[in-house]
Amino acid sequence: MLLPLVTHPEYSYAFPEKHRFPMQKFNLLHQYLKQKGIATSSNTFRPGSAKMALLENAHCPDYLSRFVNNQLTDKEVRRMGLPWSEGLLRRTLISPVGTTLACQLALKSGIACHLAGGTHHAHYDFASGFCILNDLAIAANTLITQGQVKKVLIFDVDVHQGDGTARILENNDKVFTCSVHCEKNFPARKAQSDLDINIPRDTGTDVYLKMMADGFEQALTLSKPDFVIYDAGVDVFSDDPLGLLNVSLEGIRVRDNYILKRCLELNIPVATVIGGGYDKNEQALAQRHAIAVEEAYKLSHEFG
């Protein structure tokens with residue numbers, strides 16, 4: 001079985017080099033996967049730009065209009081954490097389509113990977129923490145409203161709580177949100193997911209993997225999903241500057257393999273997004289983000 005991959009060259013655009021956000025990691029990830037023979041012309045899909053109707057599945061029309069037309073206040077831009085530009089606008093409107101496309105491809109093939117996405121701090125009517133549109137909520141709501149699935153589990157292991165996802169979907173009983181995150185980390189004011197797994201600061205690999213796996217099994221039992229969106233953030237890595245956990249590279253690989261294998265064993269289609277990762281060495285960071293895709297690739301052959 002070919003593993004479907006979704007990406008777009010606009011994901012990495014000309015961006016201030018001194019900024020904390022590693023904007024080149026998306027293209028570097030795609031290049032690395034091409035070098036490994038995992039990404040080819042036959043399994044790589046390019047999403048288009050979102051229509052407002054898709055984005056309104058999770059966001060306020062007034063907020064969308066003001067972002068698109070560069071009318072956010074200075075305070076809103078500071079909270080967003082990224083300087084507004086035409087490049088930012090283009091990539092922001094493509095990424096939610098990418099996650100939605102990855103979900104639709106996963107419905108057909110069992111597993112698919114978006115080489116971006118996981119912007120879980122985006123709220124209904126404001127941007128936060130480098131996140132402008134919540135691709136997780138948009139994709140989940142789209143699958144539900146189109147009648148493609150009955151119950152979605154968003155399993156988010158980014159080191160930061162998926163507060164925007166939790167708040168957008170808090171009254172939606174067809175989408176179950178589970179966030180496995182460092183409890184003493186951004187955002188300072190946590191939301192309430194359907195299930196929150198709070199990992200203590202400085203937790204090492206073995207304890208982290210046990211808490212994560214127990215959380216996933218609990219989430220599966222509580223939600224009984226027929227689709228999983230997996231936010232495979234790598235900012236849990238011990239050397240990530242925004243992480244505050246001590247998880248090894250091998251620990252990330254074990255984690256990703258566990259989640260994806262369990263989904264395939266249970267015959268639950270799963271789509272992955274890359275989530276957070278903030279290393280200044282963007283090549284090393286891209287290879288870290290590739291771990292989930294490498295594990296998906298291996299498993300797609302094992303279960304294919």
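The values are calculated or read from the model by the stated rules, or taken from the named source; none is laboratory data. Everything numeric here is computed off the predicted structure, so don't read it as measured data. Note that we place each Cβ from the backbone using ideal geometry, even for glycine, and neighbour counts take in every protein chain shown.
Only residues in the range 49-60 that are buried (at least 16 other Cβ atoms within 10 Å of the Cβ) count as the first member; pair them with residues that are of a type in the set (Gly, Ala, Ser), Cβ under 8 angstrom, at least 6 apart or cross-chain, and list the lot. Once the first residue is buried (at least 16 other Cβ atoms within 10 Å of the Cβ) and sits in the range 49-60, its partners that are of a type in the set (Gly, Ala, Ser) give Asn57/Ala137; Ala58/Ala137; His59/Ala122.
Under the condition of being outside any helix (DSSP H, G or I) and surrounded by 14 or more Cβ atoms within 10 Å (Cβ to Cβ), the residues counted in the range 30-42 number 2.
When the range 104-116 is limited to residues that are small (Gly, Ala, Ser) and not in a loop (DSSP other than H, G, I, E, B), the one that is nearest to Gln146 (Cα to Cα) turns out to be Ala106.
Taking only pairs six or more apart or across chains, which ones have beta-carbon atoms under 6 Å, a first residue in the range 134-150 that is within 16 Å of His121 (Cα to Cα), and a second residue that is assigned to a loop (DSSP other than H, G, I, E, B) and at pLDDT below 95? That search, which allows pairs on different chains as well, returns Ile138/Asn57.
Scanning the range 158-190 for residues that are more than 19 Å from Cys60 (Cα to Cα) and of a type in the set (Lys, Arg) returns Lys174, Lys184, Arg189, Lys190. Of the residues making up the range 1-40, those that are hydrophobic (A, V, I, L, M, F, W, C) and within 27 Å of Pro241 (Cα to Cα) are Ala14, Phe15, Phe21, Met23, Phe26, Leu28, Leu29, Leu33. When the residues of the range 4-48 are filtered to those that are free of Cβ contacts under 8 Å to residues at least 60 places away in the same chain and β-branched (Val, Ile, Thr), the one that is nearest to Ser109 (Cα to Cα) is Thr44. Figure legend. Inter-residue proximity from the range 176-203: first residues under 15 Å from Leu153 (Cα atoms), second residues buried (at least 23 other Cβ atoms within 10 Å of the Cβ) and at pLDDT below 95, beta-carbon distance below 8 Å, spacing 6+ or different chains. No pairs are indicated. Does the range 219-228 contain any residue that is in a helix (DSSP H, G or I), surrounded by fewer than 22 Cβ atoms within 10 Å (Cβ to Cβ), without any contact (Cβ under 8 Å) to a residue 12 or more places away in the chain and more than 18 Å from the chain's Cα centre (by Cα)? Checked the range 219-228: at least one residue is in a helix (DSSP H, G or I), surrounded by fewer than 22 Cβ atoms within 10 Å (Cβ to Cβ), without any contact (Cβ under 8 Å) to a residue 12 or more places away in the chain and more than 18 Å from the chain's Cα centre (by Cα).
In the set (1) in a helix (DSSP H, G or I); (2) farther than 20 Å from His289 by Cα; (3) among the hydroxyl-bearing types (Ser, Thr, Tyr), the condition left unmet by Thr177 is number (1). When each of Ala290, Ala219 is tested for being under 13 Å from Leu29 (Cβ atoms) and of a type in the set (Gly, Ala, Ser), the lone residue that passes is Ala290.
Annotation note: of Arg91, Arg78, the sole residue that is without any contact (Cβ under 8 Å) to a residue 40 or more places away in the chain and either closer than 21 Å to Phe21 by Cβ or of a type in the set (Gly, Ala, Ser) (or both) is Arg78.
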